[in-house]
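Enquirer: Below is a structure I'd like to ask you about.
The values are calculated or read from the model by the stated rules, or taken from the named source; none is laboratory data. All values derive from a computational prediction rather than experimental measurement. Here the Cβ positions follow ideal geometry from the backbone for every residue, glycine too, while neighbour counts run over all protein chains shown.
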Amino acid sequence: METPPQTHRKIIHIDMDAFYASVEQRDNPELRGIPLVVGGLPEGRGGVVATASYEARKFGIRSAMPSKQALQLCPHVTFVRPRFPAYKEVSQKIREIFSRYTDLIEPLSLDEAYLDVTNDKLNIGSAIEIAKQIKQAIKDELQLTASAGVSINKFVAKIASDINKPDGLTFIGPSSIEAFMAKLAVEKFHGVGKVTAEKMKKMGLHTGADLKQLAEDELVKHFGKAGRFYYRIVRGDDQREVQPHRETKSLAAEDTFAYDLTTMEEMEAELDKIARTVCDRLEKYNLKGRTVTLKIKYSNFKQITRNKSFISPFGDFETINSAARQLLAATKPEDTRIRLLGISISNFGELEPKQKVEKATDQLKLFNL
C-alpha cells in the first residue's frame, strides 16, 4: 500500500551522537579520543552507564550497563559524573536550531526529536537538505555531531537515524519503505523489547517479512494492542503526527542515581527533591491532579509503579511528598537497592458530580499496591 504522493509528510528524526559523552569531550580536551563513560562510578554501591563514548562502545560498553561491568570490559575507561544542567543548556540550543526550520518539533528527550518539515519556514522544500543544514549548524555552532533519519513517517525516520551513526544521514523514501521493513530484524523495530523479540523468534518471526505473513487478528492474539501497530508499521503505515503541544495527561519528574539507594533515609531524601520538582512544574503550568504515581527501578532493572488517587485535586508539595513516601513504604524497600525513583501526577481536570460520587465509593480500591 502506498500513500498518494501529495499526502506524504516530510519527517526528520534527529538523534545526537553519544550526547552526554560528546558534550564532556567537547568541554574537556583531555577526554577526547579515549574510552569515556558518563554515569555512576564503579566503586561503592553500583553505578550505571548513562552514556558511553564511541571509543568505549568498541569494547562493548552500552547505556544502562553496570559501571563495574564497563570497567571489566575496558579497564582503562574513564568515568565522569553527569552534568545535567550543561546537557539541558546544550539541548535548548539544539532546539533553537530546529525552530529556524519548523515549529512542529516533538522532543523525545534531551538528545532527540521529531521534526515535521512538510511546510518548512524557509521554503527549502527538501527534507534531506534541511537535515543536512541542521546537522551542519549543530556541528558549526555547538561542535557536536548528530545523526538524522528522513522519511514520510515517524517510525521509519527514527529507525533511519540509527543506521549510519555517528554523523549519519539516511533517507528512506516512500517507494523503499515496504522493502526496507521486510528486511528489518524484529529486534530493530522501535518498541519491540527483548522479551517481545524473543517471543517473536520462538514463533519463527525474525524479520518484518515474517510479521507481514500474519493477519492482524493473529498479531493481536499474540501481542495484544501492539499487534495492530505491528500490522500497520510493517506495511509502512504510521499516521502519527509530530506533536509539539501534546495534551497534558501526566506530569512527572524522575532521577537515576549515580549509586544505588539502600536506606529509607536516602530514598526519602531523594523523593523530597523529586516531589519539589513536580510541585514546581504543576505550579508553572497551573495544573492540579488527583493521582500520584511512584515509579521505582531496582538495581536489577526490574521496574514497578504504585499509585494513589484522591477525590479532590491537589498540587501542593505536602500531599505529593506524603503520598509518594506512603507508596514507597508499602513496597517494603528495606534490603533493596534502588537506582531510579520517579513521581508523576495525572488525572487532571474537573470531575462531574456523578463521577465524584463514584470516585468516593471506589477510593479504597485506588490504593493499588
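Enquirer: Given the structure, is residue 329 more than 27 Å from residue 65 (Cα to Cα) and either assigned by TED's automatic domain parsing to the domain that holds residue 39 or loosely packed, with under 14 Cβ neighbours inside 10 Å (or both)?
Expert: yes
Enquirer: Within region 309-318, is there a residue that is within 16 Å of residue 251 (Cβ to Cβ), within 24 Å of the chain's Cα centre (by Cα) and buried (at least 17 other Cβ atoms within 10 Å of the Cβ)? Write out each step before concluding.
Expert: Just the residues of region 309-318 that are within 16 Å of residue 251 (Cβ to Cβ), to begin with: 309-310, 313-317.
Filter once more, so that each one left must be within 24 Å of the chain's Cα centre (by Cα): none.
So far as region 309-318 goes, no, none of its residues is within 16 Å of residue 251 (Cβ to Cβ), within 24 Å of the chain's Cα centre (by Cα) and buried (at least 17 other Cβ atoms within 10 Å of the Cβ).
Enquirer: Any residue that is of a type outside the set (Asp, Glu), surrounded by fewer than 18 Cβ atoms within 10 Å (Cβ to Cβ) and farther than 30 Å from residue 104 by Cα - is there at least one of those in region 270-290?
Expert: Yes: one or more hits.
Enquirer: Can you say whether residue 221 is at pLDDT below 85 and outside the structural domain of residue 126 (by TED's automatic domain parsing), as far as the supplied structure shows?
Expert: Taking the combined requirement at face value, the residue does not satisfy it.
Enquirer: Also: If I filter region 213-225 for residues that are buried (at least 19 other Cβ atoms within 10 Å of the Cβ) and under 21 Å from the mean Cα position of the chain (by Cα), do I get at least one hit?
Expert: no
Enquirer: Next up: List the residue pairs whose Cβ atoms are under 6 Å apart, where the first residue sits in region 23-43 and is without any contact (Cβ under 8 Å) to a residue 40 or more places away in the chain, the second is of a type outside the set (Phe, Trp, Tyr) and surrounded by fewer than 23 Cβ atoms within 10 Å (Cβ to Cβ), and the two are 6 or more positions apart or on different chains.
Expert: 25/31; 25/32; 42/68; 42/71
Enquirer: Say we look at region 247-267 and pick out the residues that are in contact (Cβ under 8 Å) with a residue 60 or more places away in the chain and over 20 Å from residue 301 (Cα atoms); which of these is surrounded by the fewest Cβ atoms within 10 Å (Cβ to Cβ)?
Expert: 249
Enquirer: Among the residues of region 167-216, which ones are in contact (Cβ under 8 Å) with a residue 24 or more places away in the chain, more than 22 Å from residue 128 (Cβ to Cβ) and assigned to a strand (DSSP E or B)?
Expert: Passing the criteria: only 207.
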